[in-house]
Amino acid sequence: MLGHTFVQLADNIMVGQLGTAELAAVSLGNSFVFIAMSLGIGFSTAITPLVAEADGAGKKKDAKSALKHGLFLCTILGVALFGVVFIAKPLIYSMKQSAEVVNLAIPYLNLVAISLVPLVVFQAFKQFLDGLSQTKYPMYATVIGNIINIILNYLLIFGSFGFPKMGIVGAAIGTLVSRIFMIIYIWILLNKKEKFKSYVTNFNFRIIENKVIKKMISLGFPSALQMFFEVAIFTAAIWLSGVLGKNAQAANQIALNLSSMTFMFGMGLGVAAMIRVGNQKGLKNFTELRRIGQSIFLLTLLLEIVFAILFLVCRNWFPTLYLDVDDVINLSDNTEVIALAAKLLLVAAFFQISDGVQVVVLGALRGLQDVKIPTVITFIAYWVIGFPISFYLGLYTNFKSTGIWIGLLTGLTASGIMLYLRFNYLTKKLINTSKSVLLNK
């Protein structure tokens with residue numbers, strides 16, 4: 001999970017050396033892609049609990065079916081999301097963003113939008129392997145993809161070793177090529193490893209079962225909406241920051257990228273919760289299911305407190321990694337961006353805890369295949385509670401950028417509390433029901 005964010009980290013740090021306008025342009029272009037990506041990644045998570053439950057129950061055929069139907073749906077979804085981003089691209093001109101930033105963002109967006117297709121297809125393979133508790137293989141693919149991205153960024157952004165100097169378009173090419181490679185790598189690996197070969201051979205995509213498709217959509221669509229509601233409010237923060245100016249937007253991008261890095265640790269633990277809860281659901285051991293879930297919640301809470309302390313201590317230093325502090329021409333802009341980003345990281349330090357806990361509880365609920373009520377919870381937390389606070393404090397008070405992030409903190413905290421109450425209620429209900437069944441027998 002961290003590997004996905006490293007792609008943006010490499011792009012941001014390298015592009016930031018070109019100037020604050022380029023960094024803001026990458027932020028604006030990625031804001032469109034992030035929304036689409038959230039739907040694709042969110043939908044693909046439907047594969048993991050189905051595979052984990054089948055694996056726990058020893059039903060290999062069901063796990064293979066989940067992969068086949070997941071690949072079918074993810075391929076269609078990836079192409080559809082690319083089409084939507086491409087059609088929605090003209091909206092960028094009517095969002096009250098800096099003209100300089102918009103002109104830089106459009107060519108970047110064109111290429112990064114295409115990379116949605118290989119990314120969503122890769123997610124289908126990743127979620128399948130997660131369901132089998134084989135998380136290291138997608139990690140290898142992601143690490144190698146990041147290495148390719150960094151090398152291509154260096155060659156194409158700055159025109160090193162005789163390559164053309166392409167600026168932020170070079171960063172987009174690096175992202176696209178690395179994501180295509182990740183699919184090729186994971187497909188070869190699955191076909192070569194004996195323990196996976198039976199899952200990926202003799203696929204017949206002409207035989208698609210409506211029952212499996214409906215089950216996957218019933219899990220995947222609400223999961224996609226959950227991730228969409230969260231990513232969309234962070235995207236709204238990017239757009240609100242853009243209204244405040246390119247420096248506010250660049251500062252927002254730095255704080256958002258750093259927060260995304262630590263969030264991915266929570267998201268990885270959320271995958272662990274989804275797998276282990278799914279296994280115990282297959283075994284119908286609900287007491288152990290609850291214990292495992294709560295253990296992962298506690299581990300996440302402790303980890304996020306460490307990250308919060310790190311953000312508080314290093315909030316003035318972290319932003320300097322993204323900008324050339326020795327650039328005399330852009331010294332004024334860079335200084336302002338660093339100061340703004342440090343203020344945002346002060347708020348981000350506290351929402352690390354809420355953000356990490358809520359995504360792990362959400363993973364546990366997906367393992368229980370409970371997705372509809374959590375979707376309502378995330379909508380209320382982010383858009384009924386969080387966004388109005390961000391909008392008002394950001395645009396109508398002196399808090400400005402900091403006010404936007406106070407709204408994010410409020411929404412995430414509300415989400416964490418409500419989702420935990422849901423998990424607590426469901427697991428107690430499952431334990432009591434299973435005890436009643438045993439007594440009746």
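The values are calculated or read from the model by the stated rules, or taken from the named source; none is laboratory data. Since we're looking at a predicted model, the values are computed, not measured. Cβ placement follows ideal geometry from the backbone for every residue including glycine, while neighbour counts extend to all protein chains displayed. Just so you know, the surface numbers come from the protein's heavy atoms only, side chains and all, with ligands and any DNA or RNA stripped out. Shrake-Rupley method; radii C 1.70, N 1.55, O 1.52, S 1.80 Å.
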Please work out if GLY42 is touching a Pro at 6+ places or on another chain (Cβ under 9 Å) and not basic (Lys, Arg).
yes
Across segment 360-395, which residue is nearest to ILE233 (Cα to Cα) among those that are touching a Phe, Trp or Tyr at 6+ places or on another chain (Cβ under 7 Å) and open to solvent by 10 Å² or more (accessible area, probe 1.4 Å)?
TRP383
When you scan segment 307-357, how many residues do you find that are in a loop (DSSP other than H, G, I, E, B) and open to solvent by 10 Å² or more (accessible area, probe 1.4 Å)?
10
Taking the conditions exactly as written (open to solvent by 50 Å² or more (accessible area, probe 1.4 Å) and modelled with pLDDT under 90), does VAL212 satisfy them or not?
no
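Looking at segment 165-188, which of its residues are part of a helix (DSSP H, G or I), farther than 12 Å from PHE122 by Cβ and free of Cβ contacts under 8 Å to residues at least 60 places away in the same chain?
GLY170, VAL177, ILE188
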ILE329: passes all of (1) of a type outside the set (Ser, Thr, Tyr); (2) closer than 26 Å to SER31 by Cβ; (3) modelled with pLDDT under 85 but (2)
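Can you tell me which residue is nearest to LYS64 (Cα to Cα) among those in segment 126-164 that are assigned to a loop (DSSP other than H, G, I, E, B) and not hydroxyl-bearing (Ser, Thr, Tyr)?
Across segment 126-164, the extreme among qualifying residues is LEU132.
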Residue list for segment 221-246, restricted to those being surrounded by 24 or more Cβ atoms within 10 Å (Cβ to Cβ) and of a type in the set (S, T, N, Q):
SER223, GLN226, SER241
So, in segment 192-217, exactly how many residues are without any contact (Cβ under 8 Å) to a residue 24 or more places away in the chain and within 28 Å of PHE379 (Cβ to Cβ)?
1
Residue identified as within 19 Å of ILE353 (Cα to Cα) and not aliphatic (A, V, I, L, M) among GLY394, GLY407:
GLY407
Cβ pairs under 8 Å, 6+ apart, first in segment 7-35 and open to solvent by less than 10 Å² (accessible area, probe 1.4 Å), second of a type in the set (Phe, Trp, Tyr) and assigned to a helix (DSSP H, G or I):
ALA25/TYR108; VAL26/TYR108; GLY29/TYR108; SER31/TRP239
Of everything in segment 258-295, what is closer than 19 Å to LEU421 by Cβ and either without any contact (Cβ under 8 Å) to a residue 12 or more places away in the chain or surrounded by fewer than 23 Cβ atoms within 10 Å (Cβ to Cβ) (or both)? Give them in sequence order.
PHE286, ARG290, ARG291, ILE292, GLN294, SER295
Mind checking which residues of segment 423-441 are crowded, with 20+ Cβ neighbours inside 10 Å and touching an Asp or Glu at 6+ places or on another chain (Cβ under 9 Å)?
PHE423
Give segment 49-98 a look and list any residue that's free of Cβ contacts under 8 Å to residues at least 12 places away in the same chain and open to solvent by less than 60 Å² (accessible area, probe 1.4 Å), or say none.
ALA80, GLY83
